[in-house]
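Notes follow the structure.
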Amino acid sequence: MRQIYLALFSIALSVTANAQTNLIPNGNFETWTNNTTPSGFSSVNTETFSANNFITRETSIFKSGASAVKHQSQDDTQTVSPDNLIPVIPGNNYTISYWFLDNDTKARSRAWHSWVNISNGNESELTDHRDVLHPTTYSSNSAQWVQVSFTLTAPANATHFRFQARTYRQSATSVGGFIYYDDFSIVNNTTMGLTDHQIDGLKLYPNPAETNGNLYITSVSGADKTIEIYDILGKQVQNLKSENNNPIQLSNLNTGIYLLKITEEGKTATQKLIIK
């Protein structure tokens, strides 16, 4: 099973964070473990699913940089997909894009993305925007690189995004051709500074806070809140609840900077917390 880390929430740890950061590590395919494995795109092969197999590093045909993925079609569906799901913030606006080159009569391609909800360790695929994320048409042969790009707002219950580009045989008798892929990208167009405008009167104090101390997270409504705490690497370290503006007990947090994702009555805000 794939490990699901929220490694990219860390881009919000600075007020000056760049909102145009690509959330897919090595999405430009410039770093490779070997000539068949881009970094961050490990091989997965089960009875019903194949990801990041039949790949070779292509250094003469690419959209940008110095390399691209060369993906060979098989009798069954083949997928190019990052190892980890991409964490998203509900209500934020994202541009999802990639480039492909289909100049082969024995292969074709299409996107096959989805929004995902992960709650209490359970993963479920959402149906929002499925008409866009699961297109019914395939690529057509062309000597030119083609960009697939669309901009969508993350659904209220989305926690992650699954990014997949799929390669198919052209037909039962036309198989073994190649699709080239480059510049996988997900960009959060919403300002990634530390925002509290979605929760009326949100306050967090003391900040800096003491390790193993109390932390107050209050709002005008005083409604119950869930607080997800992420370390500087983006890994979730605590998941807490606050009721009636009562303090929460911080425990076992090392000195450093953390990101808090605070949810109240379906509204979400992010805040930076310093532990001293």
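Of all the residues in the range 206-225, those that are more than 16 Å from residue 270 (Cβ to Cβ), in a strand (DSSP E or B) and in contact with a Phe, Trp or Tyr (Cβ under 9 Å, 6 or more places away or on another chain) number 2. Residue count for the range 234-250, restricted to those that are under 23 Å from the mean Cα position of the chain (by Cα) and of a type outside the set (A, V, I, L, M): 5.
Residues that are aromatic (Phe, Trp, Tyr) and farther than 14 Å from residue 152 by Cα within the range 95-119 comprise 98, 99, 100, 112, listed in sequence order. For the criterion of being over 16 Å from the mean Cα position of the chain (by Cα), assigned by TED's automatic domain parsing to the domain that holds residue 177 and aliphatic (A, V, I, L, M), residue 156 fails.
Take residue 199 and decide whether it is touching a helix residue (DSSP H, G or I) at 6+ places or on another chain (Cβ under 6 Å), under 21 Å from residue 159 (Cβ atoms) and not in a strand (DSSP E or B). I'd like the intermediate steps shown before the answer.
On the way: touching a helix residue (DSSP H, G or I) at 6+ places or on another chain (Cβ under 6 Å): no; under 21 Å from residue 159 (Cβ atoms): yes; not in a strand (DSSP E or B): yes.
Considered against the rule, which asks whether it is touching a helix residue (DSSP H, G or I) at 6+ places or on another chain (Cβ under 6 Å), under 21 Å from residue 159 (Cβ atoms) and not in a strand (DSSP E or B), residue 199 comes out as no.
What's the number of the condition residue 184 fails, among (1) under 27 Å from residue 152 (Cβ atoms); (2) out of contact with any Asp or Glu (no Cβ under 8 Å at 6 or more places or on another chain); (3) not assigned by TED's automatic domain parsing to the domain that holds residue 96? Single failed check for residue 184: (3). Among the residues of the range 178-196, just one is assigned to a loop (DSSP other than H, G, I, E, B) and either modelled with pLDDT of 85 or more or touching a His at 6+ places or on another chain (Cβ under 8 Å) (or both), namely 189.
Within the range 27-76, the set of residues being surrounded by fewer than 17 Cβ atoms within 10 Å (Cβ to Cβ) and at positive phi comprises just one member, 65. No other residue among 130, 162, 166, 108 is under 27 Å from residue 58 (Cα atoms), out of contact with any Asp or Glu (no Cβ under 9 Å at 6 or more places or on another chain) and either buried (at least 21 other Cβ atoms within 10 Å of the Cβ) or not assigned by TED's automatic domain parsing to the domain that holds residue 235 (or both) apart from 166. Taken over the range 86-100, the criterion of being more than 17 Å from residue 145 (Cα to Cα) and either out of contact with any Leu (no Cβ under 9 Å at 6 or more places or on another chain) or among the polar types (S, T, N, Q) (or both) is satisfied by 89, 90, 91, 92, 93, 95. For the range 226-276, a residue qualifies if it is of a type in the set (Val, Ile, Thr) and part of a strand (DSSP E or B), and the qualifying residues are 226, 227, 229, 237, 248, 257, 262, 263, 268, 270, 274, 275.
Scanning the range 219-276 for residues that are of a type in the set (Val, Ile, Thr), surrounded by 14 or more Cβ atoms within 10 Å (Cβ to Cβ) and within 12 Å of residue 209 (Cβ to Cβ) yields 229, 248, 257, 275.
The values are calculated or read from the model by the stated rules, or taken from the named source; none is laboratory data. Remember, predicted model here, so these are calculated numbers, not experimental data. Counting neighbours? That spans all protein chains shown, and the Cβs are built from the backbone with ideal geometry, glycine included.
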